[in-house]
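One structure below.
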Amino acid sequence: MKKFYISLLGSALISIIVLGWLIDAFSQQTHTPQDEFYNQTQMIKGFAKQLAAMAPTERERAIKQLNSDFNVQLEYRPTQSLALPHSLLQQITQPNGLILEDQQGYYLLYSEASLGAHHLKMRLGKDPIHDQGNDVLLTLLFYAGLCVFMGFIITPLAKRLTVLNEAAKRFAKGDLSSRIHVSHFTYIRDVELTFNRMASQIEKLLDENKLMASSLSHDIRTPIACLRFGLEAAQDCPNEEKRLEYLARMEQDLDQMESMLKSYLAFATLEQKANQLTFNESDLHSYLLTVIHQVEPKLEQRALRLEHDIKTGYICADLHWLARAIVNLLSNACDFAHSDILITAHCSPELVVINVEDDGPGVNEQNWHKVFSPFFQEQTHRNRDGESYGLGLAIAAKVADWHHGTISVSKSKKLGGACFTLSIQNKSP
């Protein structure tokens, strides 16, 4: 929008200056004071000749008579009383004299050699109808030109707003893939990018809600079936010890259902946290060592070795949620690594890049684009962790998106397993 404001203001200023200059030049060429007061100029020249033929003592009386006979405002004054530059004083003796303007209107100054050190001053009267007509015409021309100039700015804006409106209508009718092709020459580039981002977020949320509903309905069937079977078996079983065993299994199934529902509901409300991010600055090396410390119990439990290569630098992000994303990546690596995990990190003033690698089986290449989807688990990896519902990597992807970054998976060149790369923007504190 800044581009639009600057263009609009610049165009308005340029159009006013250019139109004012053109109209002023046109007005001066078509209506000059000498042409408009030609008759008065000839009249004052005749008066000068009459006065030149008289004695200087008679000229004042003759001036009064001329004013009365011709209904003019004529004055006879010494030239030295004029506070004018030398260049203008010379124009008084020219054939057309000198026309000046004051608060009352125009007046004409004229002198010739026969008048000596005196000159004649005549008040000039203009045709008010003629002047008013010119003013109205020039005003109309000015505003018409201004409208034309502004049209060059407003028309592209109107077209882009129409495109935005049509895209919004299609999206409202259910076309969730409706997006705006952003042009480099648009004034509302930020608005269009924001619309596309909003549409993508809404589409992603709806897809996640559909996926969560289908996954929940699918995954909850197994514990419900187990509960039904256990309940029927407990009711029909005459052996008290066996019945208590059935009840214990039912309690485990209920715990699993409760854990599943908590995980699903926590992920469903995760998007609300996007508006509650708090950005702080920290040293990258010490920060990641603190995050690694959180997964040390799991590393010791599975007898895994973790190495790190962290470059020095500073990071500015929501440190809580970023730590959760990194812990999810490390925990995922712990679940599938055989013996070794490697975390590397480096940062610049614009970007922070963190890699988590392991020597496990890796991720099938055909699933690289699916692994960050909620509730997705490779068939070969299912049930590796009884409380895993395919949400850890999805949460890491959301955290990356909140920081206007990306997350991807590839094959580790050093360890041979999976390599997860988290890149986020390094914002200023």
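Every residue in region 307-360 that is of a type in the set (Gly, Ala, Ser) and without any contact (Cβ under 8 Å) to a residue 60 or more places away in the chain, please. Correct list: Gly313, Ala323, Ser339, Gly360. Contact map, region 286-302: residues that are open to solvent by 20 Å² or more (accessible area, probe 1.4 Å) paired with residues that are of a type outside the set (Asp, Glu), Cβ distance under 6 Å, separation 6+ or inter-chain. Pairs shown: Gln294/Val327; Lys298/Cys334; Arg302/Cys334.
Applying the criterion of being among the basic types (Lys, Arg) and modelled with pLDDT under 80 to the residues of region 1-46, the residue that is most open to solvent (accessible area, probe 1.4 Å) is Lys2.
When Val353 is tested against (1) in contact with a helix residue (DSSP H, G or I) (Cβ under 9 Å, 6 or more places away or on another chain); (2) within 25 Å of Tyr287 (Cα to Cα), only condition (1) is not met. The residue that is least open to solvent (accessible area, probe 1.4 Å), among those in region 60-93 that are without any contact (Cβ under 8 Å) to a residue 40 or more places away in the chain and outside any helix (DSSP H, G or I), is Ile92. State which residue is surrounded by the most Cβ atoms within 10 Å (Cβ to Cβ) when the search covers only region 134-181 and only residues that are part of a loop (DSSP other than H, G, I, E, B) and touching a helix residue (DSSP H, G or I) at 6+ places or on another chain (Cβ under 7 Å). Among those residues, the one meeting the criterion is Ile180. Is it the case that region 319-330 has a residue that's open to solvent by less than 40 Å² (accessible area, probe 1.4 Å) and closer than 15 Å to Leu415 by Cα? Yes - at least one qualifying residue is present in region 319-330. Scoring Tyr107 on the criteria (1) of a type in the set (Ser, Thr, Tyr); (2) at pLDDT 85 or above; (3) in contact with a helix residue (DSSP H, G or I) (Cβ under 8 Å, 6 or more places away or on another chain) leaves a single failure, condition (3). Restricting region 47-59 to residues that are part of a helix (DSSP H, G or I) and either among the aliphatic types (A, V, I, L, M) or open to solvent by less than 30 Å² (accessible area, probe 1.4 Å) (or both), the residue that is nearest to Leu124 (Cα to Cα) is Phe47. Applying the condition of being open to solvent by less than 50 Å² (accessible area, probe 1.4 Å) and among the hydrophobic types (A, V, I, L, M, F, W, C) to region 192-207 and asking which residue is nearest to Leu164 (Cα to Cα) yields Phe195.
Is it true that Arg189 is surrounded by 15 or more Cβ atoms within 10 Å (Cβ to Cβ) and within 30 Å of Ile14 (Cα to Cα)? Yes: the conditions hold for Arg189.
Considering region 337-350, the residues that are under 32 Å from the mean Cα position of the chain (by Cα) and part of a strand (DSSP E or B) include one that is nearest to Cys419 (Cα to Cα), namely Ala345. When region 208-254 is filtered for residues that are open to solvent by 80 Å² or more (accessible area, probe 1.4 Å) and at pLDDT below 70, the ones remaining, listed by number, are His218, Thr222.
When Pro297 is tested against (1) under 41 Å from the mean Cα position of the chain (by Cα); (2) at pLDDT below 90, just one condition goes unmet, and that condition is (1).
The values are calculated or read from the model by the stated rules, or taken from the named source; none is laboratory data. Keep in mind that this is a model prediction, so the values were computed, not measured. Note: ideal-geometry Cβ built from the backbone for every residue, glycine included; neighbour counts use all protein chains shown. Areas reflect the complete protein model, heavy atoms only, side chains present, ligands, DNA and RNA absent. Shrake-Rupley method; radii C 1.70, N 1.55, O 1.52, S 1.80 Å.
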